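Novice: Dropping a structure here in structure tokens format, bear with me for questions.
The values are calculated or read from the model by the stated rules, or taken from the named source; none is laboratory data. Fair warning: this is a prediction, and the values are worked out from it, not measured in the lab. In this analysis, Cβ positions are derived from the backbone assuming ideal geometry, glycine residues included, and neighbour counts consider all displayed protein chains.
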Amino acid sequence: MLVVEPQKVLFVEGLDRSHLESLAQAAKGGAPVVGIGAGTVMETAKYVARATGAPLVQVPTTVSNNACFTRAAWTIVEGKRTIARDMPIPRRIVLDPDLLAAAPTRLNRAGIAEILCSHTALHDWRLGHEVGRDVDWDDGLERLARAELRALDATAPLVGANRQEGFRAIFAASWRFAPGFSSHPKARFNAGSEHLFAWGLEALAGRKVLHGEAVGLGVLLMSFVQNNRPDWPARILKTANVAFMPEDIGVTWRDVKEVFDRLHISASAYLWYTVIDAKAGPERVNWPERGNFAAAKNFVMSLK
């Protein structure tokens, strides 16, 4: 696949900020930064390209997440997940069909949640718009996101059958979203309360939890809280054969409840307005009661 010999080959050991800085030092020299791998590598390549000023090329080996398309990168600072913004736009994003076919199918299937999350994100985005928050509201982006959601009815069976055209459809949807990430950086058409939950769960777990599976569980819980047709995303996830039960994704219901009940606190670190804010109220104290974890859990349990 590589048509020229790389000047250097650097291996990613994690997202600790000090490690990323050492990689950026090693990568200095002006040659393009080419990220080849899954989400952690995509995040690292963005960070290193920004630090060095070098052109960025991304070669995702799975469609398990949309990190190669976004303008932010997750890093770890003193043990805490910390976001770095204003990442460069890649000169090229290359999807190699052989690499995609070689990836574990569970990883690729989980990627559908990165499109499905617009179901809850759009609800949250509109809530913020209606209360007067500066959320870069755009009717065209809303229409785009809803069209991508409707397309999942056809994509999910292909993904559930591990068909390559289904995985490529996930990638194509993220590619169509990508211009909106740059043109409307405050827009929440593809990430909302479900991602706040997923990031909290990933941080609590302290080990690898597939991002798409955590997001999928977040979509189910938060769409129930939103009273936002939770049966539909449940059908998409089940048809696509994406794991979402805690015991199937490496966490417990105790973990899920701990993250859920603290969402009004963890969400305060973001300048977003979601159903969490709407339920928590001005004093941000009413979330545990009004979020009603027990009812949301019962809904998810009913899907077994």
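Novice: Name the residues in the range 31-58 that are within 18 Å of Ala178 (Cα to Cα) and in a strand (DSSP E or B), would you?
Specialist: Gly35, Leu56, Val57, Gln58
Novice: Test Ala145 against the stated conditions and say whether it is in the same structural domain as Glu258 (by TED's automatic domain parsing), within 18 Å of Gly216 (Cβ to Cβ) and touching a residue at least 40 places away in the same chain (Cβ under 8 Å).
Specialist: Working: in the same structural domain as Glu258 (by TED's automatic domain parsing): yes; within 18 Å of Gly216 (Cβ to Cβ): yes; touching a residue at least 40 places away in the same chain (Cβ under 8 Å): yes.
So Ala145 passes the test.
Novice: Can you tell me which residue is nearest to Asp261 (Cα to Cα) among those in the range 169-199 that are in contact with a helix residue (DSSP H, G or I) (Cβ under 8 Å, 6 or more places away or on another chain) and free of Cβ contacts under 8 Å to residues at least 24 places away in the same chain?
Specialist: Ala198
Novice: Does Val131 satisfy the condition of being surrounded by 22 or more Cβ atoms within 10 Å (Cβ to Cβ) and over 18 Å from the mean Cα position of the chain (by Cα)? Please lay out each step first, then the result.
Specialist: On the way: surrounded by 22 or more Cβ atoms within 10 Å (Cβ to Cβ): no; over 18 Å from the mean Cα position of the chain (by Cα): yes.
The answer is no for Val131.
Novice: Would it be correct to say that Ala240 is in contact with a strand residue (DSSP E or B) (Cβ under 6 Å, 6 or more places away or on another chain) and touching a residue at least 24 places away in the same chain (Cβ under 8 Å)?
Specialist: Against the criterion (in contact with a strand residue (DSSP E or B) (Cβ under 6 Å, 6 or more places away or on another chain) and touching a residue at least 24 places away in the same chain (Cβ under 8 Å)), Ala240 does not qualify.
Novice: Filter the helices (runs of 4 or more DSSP H) completely within the range 165-273 down to those with at least 2 residues that are among the acidic types (Asp, Glu) and surrounded by fewer than 16 Cβ atoms within 10 Å (Cβ to Cβ). Before the answer, list the steps.
Specialist: Details: elements: 193-205, 211-226, 231-239, 246-249, 253-261, 263-266.
So the answer is 246-249, 253-261.
Novice: Can Ile89 be described as out of contact with any Lys or Arg (no Cβ under 9 Å at 6 or more places or on another chain) and either assigned to a helix (DSSP H, G or I) or farther than 26 Å from Thr239 by Cβ (or both)? I'd like the intermediate steps shown before the answer.
Specialist: Numbers: out of contact with any Lys or Arg (no Cβ under 9 Å at 6 or more places or on another chain): no; either assigned to a helix (DSSP H, G or I) or farther than 26 Å from Thr239 by Cβ (or both): yes.
Spelling it out, it is not the case that Ile89 is out of contact with any Lys or Arg (no Cβ under 9 Å at 6 or more places or on another chain) and either assigned to a helix (DSSP H, G or I) or farther than 26 Å from Thr239 by Cβ (or both).
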